[in-house]
Amino acid sequence: MEMLIERFRRKDRLALSKLITMVENNSPLMRDIMEAIYPLTGKAHVLGVTGPPGAGKSTLVDKLIRSFRNEGNSVGVLCVDPSSIFSGGAFLGDRVRMEWAYRDDGVYLRSLATRGALGGLAPRASEIIKIMDAFGLDVIIVETVGVGQMEADIIRYADTRMVVSVPGLGDQMQALKAGILEIADVFVVNKADINGAQDVVDDLQTMLYLRKDSQWTPEIVLTEALNDKGIMELYRAVQRHRDYLSKSGLGELQTGKRHEHTCRFAIQEVLKKCTDKSIEEINEIKVILQTVREGGINPYKAADEILKAIVKIYVNGGVSE
Amino acid sequence: MTNNKQEKATAEILRENLKGTEKGQVYDPTYLKKVKEGLDSWKENVVKPDALKNWDAIPLTVLGSEIPREMVYTPLSVANNDYGEQLGNPGEEPFTRGIHSNMYRGRTFTQRQLVGFGGPEDTNQRIKYLLNHGATGINLLFDMPTIQMYDCDDPMATGSVGSCGVSVNHVKDWELLYDGIDIAKETSSIVTHYPSNSACLFPMYLVMAEKKGIPWDQLKGSIQNDMTLEELVRNSSEYIPPKDCFRIECDNIEFIRKNVPKWNFITINGYNFREFGTSGVTEMAVAAAHGMAILDEMVRRGYEVDWVAERLAFFWSGGMDFFEEVCRLRAMRRLWYRILKYKYKAKNDRSTWMRCHLQTSGISLVREEPYNNIIRSSYEALAAVLGGVQSLHVDSYDEAISVPSEEASLISLRTQQIIEHETGITSVVDPLGGSYYVEALTNEMEERILAEISEIEKQGGYVEAIANGYLSRKIFNYMTKEQMRIEKGEIKIVGHNFQKSGQGEDFESFRYPEECEEIQLQRLHEHKQNRENAKVEQALNELRGACKDGKNIMEYTVNCSRVGCTVGEQWKVFKEVFGLWKKPSMF
Amino acid sequence: MENKIIKVLMCCLGPETHNRGIILVSSILKEEGMEVVYMGNTTAENAIKAATEEDVRVIGVSSLSGAHLRTGKHLLELAKQKGLDNDIAFIIGGVIPPNDVKSLKDMGFHNVCVSGTKREELVAAIQEAAYSVV
C-alpha cells in the first residue's frame, strides 16, 4: 500500500482511483489510507449539488465545470447514483450526461453507487471527497439526485451547498422545502425559460425570509443551462460564498465541525466493529443473546449486561480491535 | 406543432365517418345460420375437447404482435365484411387489395439491393455489378461515420471508415461513387436515415447532378429523412432537440417537393424502429402518427394536403409471422386511405395510397446454420409480395455476421426474381383476398394499429411521444420481454435455440477493404486544401443564420455543398444553433 | 468486510447506430448486481480515461458494424500504453464473424461474446474476466 500512496502523492490518477475503490469497498486498510492522506486535505473547495430528477443538474454542472476550468482550476466530480434494491447493481450513466466534462483531462470524474447504504453512504462519500482533496484537485463537485435525507447528509460535507430546482414541480416543491432547502447556500432555478420560474423564485424568497439562522443570505440564481444562460452569475455566486466562508471564519468553523464529526464517526465505527466482533466471538455474550431471542430476558437489560462484558474484556486487553 | 387538446382523436373521426356507410349483406342469413349450425356441430362432435379448450393460439415469433388466432376461420368470421367498404377492387378505395388495379401485372416490385462499403470507388464497382445482373435500382448505404455525420478525420471515425457502408464526405466523393452511372436513368434510394444527414448529404447528390448537367426534375429516387431514426432509433452521443429535428425534416420535404419533383422526400420508418425491438402493430402506428404530424405541419405552412401526401412512402420490416405480415400491409393500406380521406379530406386518390418499400427482417436472422436465413428471408419476401408492396429488399443470409458478400447479395436478388418469375403469384392481384382468415386478421390488425395511434395522440402526438420518452420506454419493454422469450425458448428459432446442430462455425465472411480509411483521409485532406475556405466559411455562416431565422435549411445546405463544405461541418452548425437534447433514459 | 461488486464499463467504439446490444447487456449486468459505467458511443481515448477514473475491472465493447478488428486493436494498444492491460479485462461482442474470434483473442480480448449469446454465458464471461485481473 505504501507504493500506492507514493504514486498517489506523485499525482498518479490510477492510484487515486484505486484508493477510492478501497474506500468504496470497505477495505481493512481504509483507516491507514485515511490517516496517511489526511494531512494533505483542506485546500479544495467542495461544492455539493442536488435537486429533484429532471432539474437538469448534469447539464448545469457540466457548464459550471467549464467556468472553473477556464480559471485554471482542476476539478474533481463525484456523481452519486442509486443502486438497485433488488439486484444490488447500478447503472452509472452520469459521465455521458455531461457533454464536456468527461472528456476534459483536467477533470476527474467518478461515479459512486449508493449500494443500499442509505444512512451509511455519506461517510463513504465524505472520505472519497477527502481523498480527492488530498490529491490536489482545486474544486470538488459532489452531485446527487433527490431531495431526501441521504442527499442532505451528503451535501452537508460540502463547503458550498447548491440545490437545483425547476419550474412546475408542484407538490415536489413542498417536499423540497421540508428538507433540503433548509441547508442550501445557493439556490438555482434552472430551465428558467419555462413558465413559472418567477413563482419558484418568489416561493424560495418567502422561505428564506422565514429562515433566520445564518448570516449568509442564500442567493437565488436563475439559469437556462442548455442555453448557457446564467452560468456566469452562478459561478460568481459560488465564489462569493467561498469568499464569505473564509472571511467570516464560518468556513473554519464548518471545517472544524467536520473534523470532529469524522473523529466521532471513526469512534463509532470502531465501537461498532468491536461490538459485532465480540458478539460473534465471546461465548458469554452469545449465551446472553440466545436468552434474548428466547424471550427469557428483557433486551434492554441484556444490552447493559453485554456492554459490561465487552468493557471488562477490553480493559483486560482481550479482544483486539 | 403540439396537438391541440381539443382536437378529436383520429379513431373517433374514422368511427364517425364510417358509421353511416351502407353495408351490403355478405351472406344470406339463412345460409349463415346453416353454417353456424354446422360449425357448432363440428365443434361438438369432431373436434377433440382439448383442441376446443385451446381454440385460440398465439404464435410467438420474433417481432410478433402476439395476436391470438382461432383454430379455423369460416364465413362467420367475416359475416359483415362488406366487399365495397372493407376491400374494394384493386386500385379502388379503400385500396385494401392494392393501390393499382393490376398490381404486379403492370409494374413489378422493384428489386433493389443494398450496396455500400469501403471508399466510393469500391462501391462504384459493386453497383455496376448489380445493375449488370438485373437489379432495377440502387440502394445506397453509408458507413457509420458518414451516417452519424463525422468526417473521416474526426476522432470518432477512427477505425470505422468504410466498414459497413460507403464513406462519403463531400461532393467529389459522390462523383467517384457514381462514376459511369447515368443518374438520369437509374433510381437511387439513398439511405440517408435522418433529417440532419439528409440535409447535408442529399444536396451533394443534387450538386453532382448540376455538375453533370442533369436538371433536378429528371432525378428519381428516395431518401429516408426520418426523425424516428434520428431521435428514437439511433445510438449517438449527441442529439438535437426533437422539435428542431422535425423542423429540418419538414424543411427537407418542402425543398425537395418544390425542386426535385420526382424524388421521394421521405420514407417513413418502419423498418429500423421495429428492428430495434417492437411489434409490427406499433411499427405501423408510429409511422402513421409520424405521417400525420408531417401533414399537419405542411398544412400549417400553408400547403394543400395532397401536395405532400401524394409522395409519402413507407418503409416496413418484414417479419416471420407469415399471415400477420400479409394482413398488416392490407390493413395499413386501408387505414391510411381512411385517415387521408376522412381526417385530411385529401382530394386525390394518389394522396391516400400507402405506397411502401419493405426489407425483410435482419433481426430474425441468426448466426447458426446461416443458410437457413435464405429460407427465412424467402418466406418474409413471399409475404411481402402477397401483401402488395411496391419495392422489396431481401436481407442476405450472412447479415447476422457481416456486410453481405457478393454471393449472398446475388442470392437475395435471385430470391426476388424467383418469386416474380417462377411462382406465378404475380399473375393474380391480392391472391389471398377473400380468405376468411386473412380478412378477419386484416380487420383485427387495423383495429390494433388504430388503438396504438390513439395512445400516441394521448401523449400529445408523435413529436411529443418521442420527446417525453414514451416511445423509448415502449421499445425497451418489448425488447427485454422478447429477449427473455427467446432465451427461454418460447420463441423458437430453428438452429439457434431449437434443434441446434452446432453447425455454421466455419464461415468465410466478407472482408471490406480496410485501407480505404487512409485513402479517404488523404482525399479529404486534399479536398480541404483545394477548396476556397473563405467561401466555405461564408456558406456555413449563412446556414447558421437560416437555422436561427426559421428559413428552409436545405436551400442553404445546397449552397454549402456547392462550395465544398463537408457533412461534418454542416452537422456542427446544427448542433451549435439547436443545442443538444438530453434523450430520456430508457431504463 | 470487502465488497466484491464488479464494475464494468460498456461502450461502442465509434459512431455505432445500433444500441440494442449495449442496452440489453447493460440491463442484464445491472440485474446481476454489477455496476455498469455506461459510455454509449465514444472514442477509445475517452473509454480509457473513464476506465482509469472509475477503476473498472472489465471493459465491454459492443460492435455491430464490422469495424471490430480495427477499433478493437486501437483500444487495446491504448490500454497497453497507459499500463492498464494487466488491470482491466476486455470483452467484445456483437456482429462478429466466427473466423475473427481467434484474431480478437490473440489481440488481447479476454473473450468474445457474439450476438445471440445467452444471458448466463454472458454474465459468466464477464465474471470470469473480472476475476482474472483481480
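Observations
- Within segment C:26-50, if we keep just the residues that are more than 17 Å from residue B:237 (Cβ to Cβ), more than 10 Å from chain B (Cβ to nearest Cβ) and in contact (Cβ under 8 Å) with a residue 40 or more places away in the chain, the residue that is surrounded by the fewest Cβ atoms within 10 Å (Cβ to Cβ) turns out to be C:32.
- Among the residues listed as B:520, B:529, the single one being within 32 Å of the chain's Cα centre (by Cα), at negative phi and more than 14 Å from chain A (Cβ to nearest Cβ): B:520
- Scanning segment A:238-255 turns up no residue that is open to solvent by 70 Å² or more (accessible area, probe 1.4 Å) and in contact with a helix residue (DSSP H, G or I) (Cβ under 6 Å, 6 or more places away or on another chain).
- Members of segment B:408-446 found to be of a type in the set (Val, Ile, Thr), closer than 24 Å to residue B:92 by Cα and surrounded by fewer than 20 Cβ atoms within 10 Å (Cβ to Cβ), listed by number: B:425, B:426, B:428, B:429
- Yes/no for residue C:4 being within 14 Å of chain B (Cβ to nearest Cβ), free of Cβ contacts under 8 Å to residues at least 24 places away in the same chain, over 29 Å from residue B:118 (Cα atoms) and not hydrophobic (A, V, I, L, M, F, W, C): no
- Residue in segment C:51-66 that is open to solvent by 50 Å² or more (accessible area, probe 1.4 Å) and at pLDDT 90 or above present: no
- Residues (within 14 Å of chain C (Cβ to nearest Cβ) and surrounded by 22 or more Cβ atoms within 10 Å (Cβ to Cβ)) located in segment B:364-393: B:364, B:365, B:366, B:367, B:370, B:373
- For segment B:256-266, a residue qualifies if it is farther than 15 Å from residue B:304 by Cα and open to solvent by 10 Å² or more (accessible area, probe 1.4 Å), and the qualifying residues are B:259, B:261, B:262, B:264.
- Leading residue by the ranking (least open to solvent (accessible area, probe 1.4 Å)) among those in segment A:66-84 that are part of a loop (DSSP other than H, G, I, E, B) and over 22 Å from residue A:128 (Cβ atoms): A:72
- Residues in segment B:271-303 that are within 19 Å of residue B:467 (Cβ to Cβ), among the β-branched types (Val, Ile, Thr) and part of a helix (DSSP H, G or I) were compared, and the one that is nearest to the chain's Cα centre (by Cα) is B:286.
- Residues in segment A:10-41 that are open to solvent by 60 Å² or more (accessible area, probe 1.4 Å) and either free of Cβ contacts under 8 Å to residues at least 12 places away in the same chain or of a type outside the set (Lys, Arg) (or both): 7 in all.
- Scan of segment B:72-121 for residues that are within 30 Å of residue B:159 (Cβ to Cβ) and open to solvent by 20 Å² or more (accessible area, probe 1.4 Å), ordered by number: B:112, B:114, B:117, B:121
- Residue list for segment B:127-149, filter: touching a residue at least 24 places away in the same chain (Cβ under 8 Å) and open to solvent by 20 Å² or more (accessible area, probe 1.4 Å): B:128, B:129, B:131, B:133, B:134, B:136, B:141
- Of B:453, B:449, B:491, all but one fail to be outside any helix (DSSP H, G or I), closer than 30 Å to residue B:59 by Cβ and open to solvent by less than 20 Å² (accessible area, probe 1.4 Å); the exception is B:491.
- Taking the criterion of being open to solvent by less than 10 Å² (accessible area, probe 1.4 Å), in a loop (DSSP other than H, G, I, E, B) and within 14 Å of chain C (Cβ to nearest Cβ), the residues of segment B:152-174 that qualify are B:152, B:159, B:160, B:161, B:162, B:163, B:165, B:167, B:169.
- Inspection of segment A:72-93 identifies no residue that is more than 15 Å from residue A:143 (Cβ to Cβ), modelled with pLDDT under 85 and within 9 Å of chain C (Cβ to nearest Cβ).
- So residue B:146, is it within 14 Å of chain C (Cβ to nearest Cβ) and β-branched (Val, Ile, Thr): yes
- Among the candidates B:306, B:321, B:349, residue that is within 19 Å of the chain's Cα centre (by Cα), in contact (Cβ under 8 Å) with a residue 24 or more places away in the chain and open to solvent by 10 Å² or more (accessible area, probe 1.4 Å): B:321
- Qualifying residues in segment B:211-228 (those that are surrounded by 24 or more Cβ atoms within 10 Å (Cβ to Cβ) and of a type in the set (A, V, I, L, M, F, W, C)) - the one farthest from residue B:270 (Cα to Cα): B:223
- Whenever a residue of segment B:386-412 is free of Cβ contacts under 8 Å to residues at least 24 places away in the same chain, its partners that are open to solvent by 10 Å² or more (accessible area, probe 1.4 Å) and among the aliphatic types (A, V, I, L, M), lying with C-beta atoms within less than 8 angstrom and at least six residues away or across chains, give the pairs B:396/B:411.
- Taken over segment B:554-587, the criterion of being of a type outside the set (Ser, Thr, Tyr), open to solvent by 30 Å² or more (accessible area, probe 1.4 Å) and either more than 14 Å from every other protein chain (Cβ to nearest Cβ) or on the phi > 0 side of the Ramachandran plot (or both) is satisfied by B:555, B:559, B:562, B:563, B:569.
- Lone qualifier among B:396, B:361 - being within 14 Å of chain C (Cβ to nearest Cβ), among the polar types (S, T, N, Q) and touching an Asp or Glu at 6+ places or on another chain (Cβ under 7 Å): B:361
- Enumeration of residues in segment C:7-25 that are closer than 24 Å to residue A:114 by Cβ and more than 9 Å from chain B (Cβ to nearest Cβ): C:7, C:8, C:9, C:10, C:11, C:25
- Odd one out for residue B:465 among (1) open to solvent by less than 10 Å² (accessible area, probe 1.4 Å); (2) farther than 30 Å from residue B:337 by Cβ; (3) among the hydrophobic types (A, V, I, L, M, F, W, C): (2)
- Scan of segment C:103-134 for residues that are closer than 24 Å to residue B:488 by Cβ and part of a loop (DSSP other than H, G, I, E, B), ordered by number: C:115, C:116, C:117, C:118
- Candidates in segment A:42-65 are the residues that are away from every other protein chain (no Cβ under 14 Å) and open to solvent by 20 Å² or more (accessible area, probe 1.4 Å); of these, the one that is modelled with the lowest pLDDT is A:42.
The values are calculated or read from the model by the stated rules, or taken from the named source; none is laboratory data. Bear in mind that the values here come from a model prediction, so they are computed numbers and not experimental data. Cβ atoms come from the backbone with ideal geometry, glycine included; neighbour counts cover every protein chain shown. Calculation scope for accessible area: heavy atoms of the full protein, side chains included, ligands and nucleic acids excluded. Shrake-Rupley method; radii C 1.70, N 1.55, O 1.52, S 1.80 Å.
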